[in-house]
There are 2 protein chains.
Amino acid sequence: MSDAALHHSAAPDAAMEPKTLVEGAYRRLRRNIVEGVHPPGEKLRVEHLKEQYDVGAGTLREALQLLVTDALVVAQGQRGFRVAPISLKDFEDITRTRVLIETEALRQSIALGDDDWEGRVLAAFHRLSRAEERLDDEASAREDWEERNRVFHEVLISACPSRWIQHFQQILYRQSERYRRLSLFRNPIPRDVHAEHQLLCDATVARDSEAACKVLTEHILRTLDAVRHMPTEFLNAAENGPKVRQA
Amino acid sequence: MSDAALHHSAAPDAAMEPKTLVEGAYRRLRRNIVEGVHPPGEKLRVEHLKEQYDVGAGTLREALQLLVTDALVVAQGQRGFRVAPISLKDFEDITRTRVLIETEALRQSIALGDDDWEGRVLAAFHRLSRAEERLDDEASAREDWEERNRVFHEVLISACPSRWIQHFQQILYRQSERYRRLSLFRNPIPRDVHAEHQLLCDATVARDSEAACKVLTEHILRTLDAVRHMPTEFLNAAENGPKVRQA
DNA sequence: TCAACACTTTTTCTCGAGATTTTTATATTT
DNA sequence: AAATATAAAAATCTCGAGAAAAAGTGTTGA
C-alpha cells in the first residue's frame, strides 16, 4: 500500500505529514523517482543516499523496500537497489491496465457520486484550467499543472467506493506520470489536452458514463502516443551500468 | 510488488529460494498471515517476532514494510505494525475488484494462449482434481488443495501478457485466500467446487471467452457467499491485541 | 468512584559498526 | 595480446545498542 494504509485512512496522503523518518524518506524518494531526479535504471547506493536524504542506512533501506512493492524500485538479490527500468512495452501495459481500472472507477463514480462530488469535480477542473493558462508564461507552472492534473483525475473517481480500485489507480497513475514527465521533458503539453479535460468534465457532470469513459480512454491512450514518438535513447539508455553515469 | 519484482522475473516466485534474509522472512510472514497463523488485527511486535523468525530487528522491519505495501500489514504512525484487519465490506471490495481483474486476464489469456498453454491448463486442472479427491481422507490434503487451486488460477491467466494485471491478480488472490481460509476453518470445501472448476476448464480450452468468464465470475462470487454466512465473531473479533480499545 | 498526574515499563524507531558478498583493479600465464 | 587467477576495494546485508515515544501502573485528590 503506497503511503496511506489501504484501510482506515481518512485524510488524503499528501495532506498529513510523515510521522516517521522512514515514511518521510519514502515520500521524498518516490517523488524524486517519479520526477526523474533519479532516472530509470540508476543504481541506488544506500551509502550515498543516506547522506542525500539525511537518514541512517537502515532507515533508508526500509524506505526502499516500500518502493519495491510500488514497482518504482527493483531489488536485485544481493546486488542492491536500482530505479525500476522503463520500456515501451511496460508503458503499453501500464496504459492498457490503467484504462481498465480507471474507466471502471469512473463508471462507479458517476453512478454513485452525489452533488458534493460534482462540485469537487468542477472545482478540480477549474483549478486545472487556470494552471493550464499559466503554462506558457511561468516556468514553475509545470509543477502546479502536474499536481492539479493528478488531483483532477483523483477527484473524478473519488466517488468510487472501492478502496482497491483507487489503490491500483494511484499506483498506475504514478507509473504513468514517470513516463509522461520524460516525454514532456522537451515537448510542451499540447493544446488539445485542455479540450479533452473539458469534454471529460462535462460528460462526467452530465452523468453520461459511456461518453465519459470513451473520452477518458482516448485521453489516457494519447499519452501512449506521445511516449511512442519519444526519442528511443530515453527508453534504452535507461539500462544504466555499473559506472553510474548521470544523465 | 509482492516478492518477485514486477520486471524481469523469469521464474515463478515460489520456485526460487530467497536470496536474502529479508526476503525469507517476508515470505514466511506472508504465508503465516495468509494462513491465519497471525490472525487479523494481531499486533506484530518486532521484539517478539525476531526470535520466532530468527532474524535481527532491522531485518524484520524491512520484511514488514514489504508486507505493508501488499496490504497484509498496516503500519500505524509510531505505534508499530499490525496484521491488516478484515471486514465483510473489505472482502466485498476485494471480490468485485478481483472479478474485474481476473476476467479481463482470462479473456486475454484465451485470446492469446497457445497450445502449450492449453496443456498447462489441463495439467493444472488434473492436479487440482486429484487433490480434491483426497480432501476427505487425509488431513494434510488441505494444504495441497490450496496450493494447487492457486496454481490452477494462475495458469488460467498465464497467457495474459500484462504483467500488471497478473501482479494485481496475485495481490487480490492472496487477500481472498486469507478470507477463504477463515471461512473454511470449519466448513469443508463444498462438492460443487469441483464441478465449477470442470466447467471453467472446459470453457477455457474450448476458447469460449464469454462462458469461461461467466463461470469464473460466479465461482469467485460464491466464495463471497461463504464468507457472508460466516459467524460474525470471526469478522469482528479480529480486532485483536493486548488491551485494544477501538477509537 | 472516578479523573488527573507522575512514574515505570515496554516497544518502537533510529543509528553506527562488523561480517559477506559483489565488483573493480592488478598481476601472472599461455 | 587475451584470458585466467589473485588481491584490493566498495557496497550490501545483518545485527545489537541507544534515544524517543507509547502504553501501562499506581498514587493522590476532589
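The values are calculated or read from the model by the stated rules, or taken from the named source; none is laboratory data. Because the structure is a prediction, the values reported are computed rather than measured. No Cβ is skipped: glycine too gets one built from the backbone with ideal geometry, and neighbour counts run over all protein chains shown.
To keep it simple, each residue is scored yes or no on (1) modelled with pLDDT under 95; (2) touching a His at 6+ places or on another chain (Cβ under 9 Å); (3) closer than 19 Å to A:L221 by Cα.
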{"site": "A:A131", "(1), (2), (3)": "yes, no, no"}
{"site": "A:E146", "(1), (2), (3)": "yes, no, yes"}
{"site": "A:S162", "(1), (2), (3)": "no, no, no"}
{"site": "A:Q169", "(1), (2), (3)": "no, yes, yes"}
{"site": "A:Y173", "(1), (2), (3)": "no, yes, yes"}
{"site": "A:L182", "(1), (2), (3)": "yes, no, yes"}
{"site": "A:I189", "(1), (2), (3)": "yes, no, yes"}
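From B:A131, B:A111, B:A139, B:A124, grab the single residue that is within 14 Å of chain A (Cβ to nearest Cβ) and either buried (at least 21 other Cβ atoms within 10 Å of the Cβ) or not polar (S, T, N, Q) (or both).
One residue alone meets the criteria, B:A111.
So, in region B:13-51, exactly how many residues are away from DNA strand D (no atom under 13 Å from the Cβ) and over 28 Å from B:S158 (Cβ atoms)? Looking only at that region, the number is 8. Close contacts from region B:30-58, counting a first residue that is farther than 17 Å from B:R174 by Cβ and within 14 Å of chain A (Cβ to nearest Cβ) and a second that is near DNA strand C (Cβ under 9 Å from one of its atoms) and acidic (D, E), with Cβ to Cβ under 9 Å and a gap of 6+ residues or different chains, come to B:A57/B:E47; B:G58/A:E62. Residues of region B:45-79 that are closer than 18 Å to A:A71 by Cα and small (G, A, S): B:A63, B:A71. Does B:R207 satisfy being over 30 Å from A:I86 (Cα atoms), touching a helix residue (DSSP H, G or I) at 6+ places or on another chain (Cβ under 8 Å) and assigned to a loop (DSSP other than H, G, I, E, B)? Yes, satisfied.
Has region A:222-244 got any residue that is modelled with pLDDT under 95, assigned to a loop (DSSP other than H, G, I, E, B) and among the β-branched types (V, I, T)? Checking region A:222-244: at least one residue is modelled with pLDDT under 95, assigned to a loop (DSSP other than H, G, I, E, B) and among the β-branched types (V, I, T).
From the set of residues in region B:59-80 that are part of a loop (DSSP other than H, G, I, E, B) and either in contact with a Leu (Cβ under 8 Å, 6 or more places away or on another chain) or within 13 Å of DNA strand C (Cβ to nearest atom) (or both), which is modelled with the lowest pLDDT? First the steps, then the outcome.
Of all residues in region B:59-80, those part of a loop (DSSP other than H, G, I, E, B) come to B:70-72, B:76-80.
Now restrict to residues that are either in contact with a Leu (Cβ under 8 Å, 6 or more places away or on another chain) or within 13 Å of DNA strand C (Cβ to nearest atom) (or both): B:71, B:76-80.
Details: B:A71: 95, B:Q76: 90, B:G77: 83, B:Q78: 90, B:R79: 91, B:G80: 92.
Ranking the qualifying residues of region B:59-80, first place goes to B:G77.
How many residues does region A:72-102 contain that are under 20 Å from A:H197 (Cβ atoms) and surrounded by fewer than 18 Cβ atoms within 10 Å (Cβ to Cβ)? Residues that pass the stated criteria total 0. Looking at B:R127, B:R107, B:R134, B:R120, just one residue is touching a residue at least 40 places away in the same chain (Cβ under 8 Å) and touching a helix residue (DSSP H, G or I) at 6+ places or on another chain (Cβ under 6 Å), and that residue is B:R107. So is A:A84 in contact (Cβ under 8 Å) with a residue 40 or more places away in the chain, within 16 Å of DNA strand D (Cβ to nearest atom) and not basic (K, R) or not? Yes, satisfied. Listed by position, the helices (runs of 4 or more DSSP H) enclosed by region A:81-191 that each have at least 2 residues that are hydroxyl-bearing (S, T, Y) are A:88-112, A:163-183. Assess whether B:V22 counts as being touching an Asp or Glu at 6+ places or on another chain (Cβ under 7 Å) and either in a loop (DSSP other than H, G, I, E, B) or within 11 Å of another protein chain (Cβ to nearest Cβ) (or both). Considered against the rule, which asks whether it is touching an Asp or Glu at 6+ places or on another chain (Cβ under 7 Å) and either in a loop (DSSP other than H, G, I, E, B) or within 11 Å of another protein chain (Cβ to nearest Cβ) (or both), B:V22 comes out as yes. Among the residues of region A:193-204, is there at least one that is at pLDDT 85 or above, surrounded by fewer than 13 Cβ atoms within 10 Å (Cβ to Cβ) and more than 18 Å from A:W117 (Cβ to Cβ)? There is at least one residue in region A:193-204 that is at pLDDT 85 or above, surrounded by fewer than 13 Cβ atoms within 10 Å (Cβ to Cβ) and more than 18 Å from A:W117 (Cβ to Cβ).
More than 10 Å from every other protein chain (Cβ to nearest Cβ) and either under 30 Å from A:V73 (Cβ atoms) or without any contact (Cβ under 8 Å) to a residue 60 or more places away in the chain (or both): is that true of B:Q170 in this structure?
On the way: more than 10 Å from every other protein chain (Cβ to nearest Cβ): yes; either under 30 Å from A:V73 (Cβ atoms) or without any contact (Cβ under 8 Å) to a residue 60 or more places away in the chain (or both): yes.
So B:Q170 passes the test.
Would you confirm whether or not region B:62-69 contains a residue that is within 13 Å of chain A (Cβ to nearest Cβ), within 14 Å of the chain's Cα centre (by Cα), away from DNA strand D (no atom under 16 Å from the Cβ) and surrounded by 23 or more Cβ atoms within 10 Å (Cβ to Cβ)?
no
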